Amino acid sequence: MRIVANGKAYEVDAGTTVAAFVRARQLDPRFVVVERNGEPLERAGYDRVELTEGDRLELVRAVAGG
């Protein structure tokens, strides 16, 4: 199925979770904020939320500075 993340189209398998998609982008879900179809997701739920056809994600990596 097709989703869009940060403006780029991706093909993913049915049943792919948000956490699995984030990891497949070589990102650590603990440090990524995800918005799905305009709604922010709770990080604790990334493993339970399955992507669906046409989902639009925005992934933002949290960066600490000092």
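The values are calculated or read from the model by the stated rules, or taken from the named source; none is laboratory data. Everything numeric in this text was worked out from a predicted model, so none of it was measured. FYI the Cβ positions are ideal-geometry reconstructions off the backbone, even for glycines, and counts take in every protein chain you see.
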Could you please let me know if Ala5 is of a type in the set (A, V, I, L, M, F, W, C) and surrounded by 14 or more Cβ atoms within 10 Å (Cβ to Cβ)? yes
Of these, Val22, Val32, Val4, which one is touching a Pro at 6+ places or on another chain (Cβ under 8 Å) and at negative phi? Val22
Just checking, does the stretch 12-19 include any residue being within 10 Å of the chain's Cα centre (by Cα), in a helix (DSSP H, G or I) and modelled with pLDDT of 95 or more? yes
Are any residues in the stretch 14-66 closer than 18 Å to Met1 by Cβ, small (Gly, Ala, Ser) and surrounded by 12 or more Cβ atoms within 10 Å (Cβ to Cβ), and if so, which ones? Ala19, Ala20
